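Written below as structure tokens is the structure these notes are about.
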Amino acid sequence: MEKIIFRWNLKERPEDFIVKEVADLPVDENGKFYLYILIKRNLNTKEITNRYKLRYAGLKDKNALTFQYVSSDRFLGEIIKEKIDDKTFYILQYAGNLKKRIKIGQLKGNKFSIKLKGNKIKDQIWFINYFDIQRLERNFEKGRKLLKNLPEGIKWKDLSWLENFYIDAYLSFLWNKSLMNFLMENFDGYKIKEKSFGFFIPYTDYEYLMGNIPKFWSIAGYKVKMKDFERKIYRKILIEEGFDFDTFIQKLKQLKIKGDYRKTFLKADNLKISQDRIEFFLPKGSYATMFLKHIYLENQ
């Protein structure tokens, strides 16, 4: 199988990777909560939201220039600016009132503007909706270990936010691995690698995907209704991972992890190349870096 190494140095400078959140938030002058636009450079979302007790719809990368919506239970002023050093700053800009606090997932998606840096790309708008390495790296192994050593009676609320994040990362890893297994059984293709991770990309087109693979693939959980072929693949992978399938699902039930269904493939909208930048929109929960992996052409 052909292997390509992903060598796009995406975030040499934060301005190389600009993200703007897209959301439909009904501003209401009688609302008791306060809507702010958070602009940040070289900071992760939680560094700011924890400081001001803000609610957010999604986490944004640290090494990027990002624009996102947050809500506050109290009025913080029209604008807050803080320059931490020559490379690091944040701005909170008041944008109106809301009747309800912002909650996780309350966005349509994100607009991206990314520096091409001379990389050549394919004329392609679709991609397999894998979780990318920023979610998996250094996290999924910790989630695996937590599940293997889970004491009887422990619920998700007994674990820290970070421990639950590690478990989610491991479930994301299993989703990737199970879907990749299915695709490799049914398609010819190639792998693109970044660090220790490889992602199988089939040779096909969007129309063929629409008609020939499941539009959703199960994220493991005790309430998810897996199709027989999904369950068979998950059983095989979990044995390789050191778990019995039924015992694993019971652990998720103990933690009250219901599971979910994630779209197997997506397409980038409003794609535009202008000078040395590529711009596009992706729905929430997907990774711009994964789309770039699919359109990347090895140098050349």
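Please list, in chain and number order, the residues 5+ apart from residue 23 or on another chain whose amide H is under 5 Å from its amide H, with Hs placed from the backbone.
Amide H to amide H, under 5 Å and 5 or more residues apart or across chains, residue 23 pairs with 108.
With every protein chain left in place, what is the accessible area of residue 8 in Å² (1.4 Å probe, nearest 10)?
Around 10 Å² of this residue is reachable by solvent.
Hey, if we sort 1, 180 by accessible area with the 1.4 Å probe, largest down, what's the order?
Values: 1 125, 180 20 Å².
Greatest to least solvent exposure: 1, 180.
Using θ = phi - 60° and the Karplus form 6.51 cos²θ - 1.76 cosθ + 1.60, what ³J(HN,Hα) does each residue of the stretch 5-15 get, whole Hz, x for Gly and Pro?
Result, ordered by residue: 9, 7, 10, 6, 7, 5, 10, 4, 10, x, 5 Hz.
List the residues, sorted by chain then number, that are 5 or more residues from residue 43 or on another chain and whose placed amide H is less than 5 Å from its amide H.
Distant-sequence amide H within range of residue 43: 64.
Give me the accessible area of residue 86, 1.4 Å probe, in Å² rounded to the nearest 10.
It works out to around 140 Å².
Over every pair of different alpha-carbon atoms in the stretch 240-300, take the mean of 1/r and invert it; report that Kirkwood radius in Å. All intermediate terms of the calculation are to be shown ahead of the outcome.
Details: mean 1/r = 0.0648 Å⁻¹.
One over the average 1/r among Cα pairs gives 15.4 Å for the stretch 240-300.
Over all directions, how big on average is the projection of the convex hull of the alpha-carbon atoms in the chain, in square nanometres?
Averaged projected area of the chain's Cα convex hull equals 17.6 nm².
As a test question: what accessible area, to the nearest 10 Å², does residue 196 have when a 1.4 Å probe is rolled over all protein chains in place?
Spelled out: residue 196, probe radius 1.4 Å, area about 100 Å².
For 130, 203, give me the order by solvent-accessible area with a 1.4 Å probe, most accessible first, ignoring ligands, DNA and RNA.
Reading off the accessible areas and sorting them downward yields 203, 130.
Sorted by accessible area (1.4 Å probe), largest first, how do 204, 289, 247 line up?
Per-residue accessible area, sorted high to low, gives 247, 204, 289.
Applying the Karplus parametrisation 6.51 cos²θ - 1.76 cosθ + 1.60 with θ = phi - 60° to the phi angles of the stretch 73-87, what ³J(HN,Hα) value in whole Hz is obtained for each residue in order, glycine and proline being reported as x?
With the stated coefficients, the stretch 73-87 comes to 7, 9, 6, 9, x, 5, 7, 10, 10, 9, 9, 7, 7, 5, 10 Hz.
If you place +1 on the Cβ of every Lys and Arg and -1 on the Cβ of every Asp and Glu, how big does the dipole about the Cα centre of the stretch 218-272 come out, in debye to the nearest 20?
Taking the Cα centre of the stretch 218-272 as origin, the dipole is about 300 debye.
Net charge around residue 5, counting only other residues with Cβ within less than 14 Å of its Cβ (Lys, Arg = +1; Asp, Glu = -1)?
Counting the neighbours of residue 5, the net charge comes to +3.
Using the alpha carbon gyration tensor of the stretch 143-193, what are the three equivalent-ellipsoid semi-axes (square root of 5 times each eigenvalue), largest first, in whole Å?
Each semi-axis is √(5λ); the values are 31, 11, 8 Å.
Amide H to amide H under 5 Å from residue 264: which residues, 5+ apart in sequence or cross-chain, H placed 1.01 Å off N in plane?
Correct list: 216, 217.
Could you provide, to the nearest whole Å², the per residue accessible area of the chain with probe 1.4 Å?
On the way: 15850 Å² over 300 residues.
Value for the chain: 53 Å² per residue.
Mean 1/r over all different Cα pairs, inverted: what Kirkwood radius does the stretch 136-273 give, in Å?
16.3 Å
One quarter of the convex hull surface, Cα atoms only: what value does that give for the stretch 96-170 in nm²?
9.5 nm²
Would you calculate, for the chain, the mean residue ellipticity at 222 nm contributed by helices, counting each DSSP H stretch of 4 or more residues as -39,500 (n - 2.57) and dividing by all residues, to the nearest 500?
Numbers: 8 runs with 86 residues, N = 300.
That calculation yields -8500 deg cm²/dmol at 222 nm.
So what are the ³J(HN,Hα) numbers for the stretch 233-243, from phi and the Karplus equation (6.51, -1.76, 1.60; θ = phi - 60°), rounded to whole Hz, Gly and Pro as x?
Couplings: 5, 4, 4, 4, 5, 5, 4, 4, 7, x, 10 Hz.
How big, in percent, is the set of alpha carbon pairs in the stretch 61-113 lying more than 18 Å apart?
Distances greater than 18 Å cover 47 percent of the Cα pairs.
Could you check how many percent of all C-alpha pairs in the stretch 1-156 are farther apart than 23 Å?
51 percent
I need the calculated FRET efficiency for the pair residue 95 and residue 53, taking r as the beta carbon distance and R₀ as 22 Å, to the nearest 0.05.
Computed FRET efficiency for residue 95 and residue 53: 0.80.
For the chain, what % of the accessible area comes from carbon and sulfur atoms, probe 1.4 Å?
Ligands and nucleic acids excluded, carbon and sulfur reach 49 percent.
The values are calculated or read from the model by the stated rules, or taken from the named source; none is laboratory data. Keep in mind the model is a prediction, meaning the values are calculated, not measured. Please note: Cβ atoms are built from the backbone with ideal geometry, for glycine as well, and neighbour counts cover all protein chains shown. Heavy atoms of the whole protein, side chains included, go into the accessibility calculation; ligands, DNA and RNA do not. Shrake-Rupley method; radii C 1.70, N 1.55, O 1.52, S 1.80 Å.
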